[in-house]
1. Any idea what the dipole of region 49-112 comes to, in debye rounded to 20, about its Cα centre with Lys/Arg Cβ at +1 and Asp/Glu Cβ at -1?
2. Once Rh is set to the Kirkwood radius over Cα pairs, what Stokes-Einstein translational diffusion coefficient, in µm²/s, holds for the chain at a temperature of 25 °C and a viscosity of 0.890 mPa s?
3. For the chain, what is the calculated [θ] at 222 nm in deg cm²/dmol (nearest 500), taking -39500 (n - 2.57) for each run of four or more DSSP H residues and dividing by its residue count?
4. If you take the beta carbon distance between Arg154 and Ala22 as r and set R0 to 41 Å, what does 1/(1 + (r/R0)^6) give as a FRET efficiency, to the nearest 0.05?
5. Regarding region 28-78, what's the average projected area of the Cα-atom convex hull, expressed in nm²?
6. Pick from Arg155, Arg46, Arg73: which is most flexible by mean-square fluctuation in a GNM of the chain where alpha carbon atoms under 10 Å apart are linked?
7. With every protein chain present, what is the per residue accessible area of region 5-127 (1.4 Å probe, Å²)?
8. I want to check the label-to-label distance for Arg35 and Ile112. Put each point 7 Å from Cα in the C-beta direction and report it in nm to one decimal.
Amino acid sequence: MAERNPAGPQTLAAEAQSWLEAGTHDCVGTEVVLRDPHTPYRLAVRREGGAQKGPISCVSVLTVRGWWFLEARPAKEGVPLIESIQASPLKLTTSGLVKKAIHPTLRKRWTITREHDLLAMVCRKAPRGGAGRWASEEDLDALAAYQKAYNIERRTEIEANFLDAVRGKRIAVLDHGGRPAAFAKLSGKTGNYACIGGMFTLPALRKKGLGKRLTAFLIGELLNEKPAVHLIVDDDNDAAIALYRSLGFEEVGTCYMAYLKD
């Protein structure tokens, strides 16, 4: 079954959101996209045993940019959906458990040009020592420069509408010397979490604790709205993992990202 940007309380999207919220705590990107009214997507679900009716076992969300989000319980239920998808996604995000089940099929279907294993971490208590502010329209040039530097360093191609982000209080900054020096984003919300990402300190100002103080500020702000803050981080980024643990984050699962080519 599939729908394009469905809306309303009785839609397939609402059913998929409830299924995800009830059991997904590692790869939450699927739910974030379903809840984002500004991102066009195509939703498909698989039900237990491939039946037309009954409980959901797999949710697939493909955005117009070619970003594909997939979650399955049990993990093997993702394989038939991958075999049947009629699209050419550019990037797949799923949980580590699903990756183990689908990886052989994924490699047969597409060329994987790059892939990452990540940890999912959650913080439920505001850390001390936070400092920062919500970005303003006066910061737009600095935010554009930050995104460019972030994309080069992290080998990604994220495009951001910073005007909307500023007006929606979705990006925080910490100043140093009168200018923004550290940046962190609210990347989305689910039923259980506020999700953060894009943490970045200008290279010349690293090792001064700016990123930690700003992340602590953002966590404290978001815990006023949600019971927990969620992030994902490359599982070999020992420095970042140590930082997040020092802020009170705990590991709750694993994620997987793959960049695909026909």
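1. 160
2. Answer from the Stokes-Einstein relation: 128 µm²/s.
3. Result for the chain: -9500 deg cm²/dmol, rounded to the nearest 500.
4. Working: r = 32 Å, r/R0 = 0.78.
Efficiency, from the Cβ-Cβ distance: 0.80.
5. Values: hull surface 14.9 nm².
If I average the Cα hull's projected area over directions, I get 3.7 nm².
6. Among Arg155, Arg46, Arg73, the largest mean-square fluctuation in the Gaussian network model of the chain belongs to Arg155.
7. So region 5-127 comes to 48 Å² accessible per residue, rounded to a whole number.
8. Reported label-point gap for Arg35 and Ile112 is 2.9 nm.
The values are calculated or read from the model by the stated rules, or taken from the named source; none is laboratory data. If you're wondering where the values come from, they're calculated on a predicted model, not measured in any experiment. Glycine also receives a Cβ, built like all others from the backbone with ideal geometry; neighbour counts cover every protein chain displayed. Just so you know, the surface numbers come from the protein's heavy atoms only, side chains and all, with ligands and any DNA or RNA stripped out. Shrake-Rupley method; radii C 1.70, N 1.55, O 1.52, S 1.80 Å.
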